[in-house]
Amino acid sequence: MKVNMVMLVKDRERLTQQAIGSLYDTTDNLLFNLTVVDDGSKQSPMEFIPEVHADNCTTLRIEDSKGITGQARNLGVYWAEKYWGRGDYLYLTDNDMYFTPGWLEKLLEAWE
């Protein structure tokens with residue numbers, strides 16, 4: 001079972017580091033692929049995404065901010081499917097999340 005995760009990012013480097021760090025610290029990397037969608041940040045999120053996560057993490061940088069969350073998120077969903085293929089599930093999130101141990105396993109159990 002594989003979840004395509006799409007995380008929308010716009011600036012807020014500290015929150016992005018926290019969100020991605022907590023995701024990888026608490027979640028089995030085999031359960032998900034992460035697509036980080038940068039909606040026109042001043043600094044590219046790839047500059048502060050640890051390289052260790054490169055195997056199941058990709059980024060999509062939108063140079064000119066869409067300013068409308070839906071448009072940026074839709075581009076991210078499209079990119080995730082093109083890059084990773086169609087996952088069993090799609091999870092949309094933002095960079096102000098903090099993931100706790102077992103969160104994805106519990107969510108998958110509820111979905112099933």
Taking the condition of being more than 15 Å from residue 38 (Cβ to Cβ) and either of a type in the set (S, T, N, Q) or under 12 Å from the mean Cα position of the chain (by Cα) (or both), how many residues in region 78-91 meet it?
2
Of 92, 75, 107, which residue is open to solvent by 40 Å² or more (accessible area, probe 1.4 Å) and modelled with pLDDT under 90?
75
Of all residues in region 1-37 being in contact with a helix residue (DSSP H, G or I) (Cβ under 6 Å, 6 or more places away or on another chain) and in a helix (DSSP H, G or I), which is nearest to residue 94 (Cα to Cα)?
16
Quickly run through region 86-101 and pick out the residues that are part of a loop (DSSP other than H, G, I, E, B) and either among the acidic types (Asp, Glu) or farther than 22 Å from residue 15 by Cβ (or both).
86, 87, 88, 96
Which one is farthest from the chain's Cα centre (by Cα) among residues in region 42-72 that are part of a helix (DSSP H, G or I), surrounded by 11 or more Cβ atoms within 10 Å (Cβ to Cβ) and at pLDDT 80 or above?
71
Give the residues of region 20-41 that are farther than 13 Å from residue 57 by Cα and surrounded by fewer than 22 Cβ atoms within 10 Å (Cβ to Cβ), sorted by residue number.
22, 25, 26, 27, 28, 40, 41
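The values are calculated or read from the model by the stated rules, or taken from the named source; none is laboratory data. It should be emphasised that the depicted structure is a prediction, and the values quoted were computed from it without experimental measurement. Positions of Cβ are backbone-derived with ideal geometry, glycine not excepted, and every protein chain shown enters the neighbour counts. Ligands, DNA and RNA are excluded from the accessible area calculation, which covers all protein heavy atoms including side chains. Shrake-Rupley method; radii C 1.70, N 1.55, O 1.52, S 1.80 Å.
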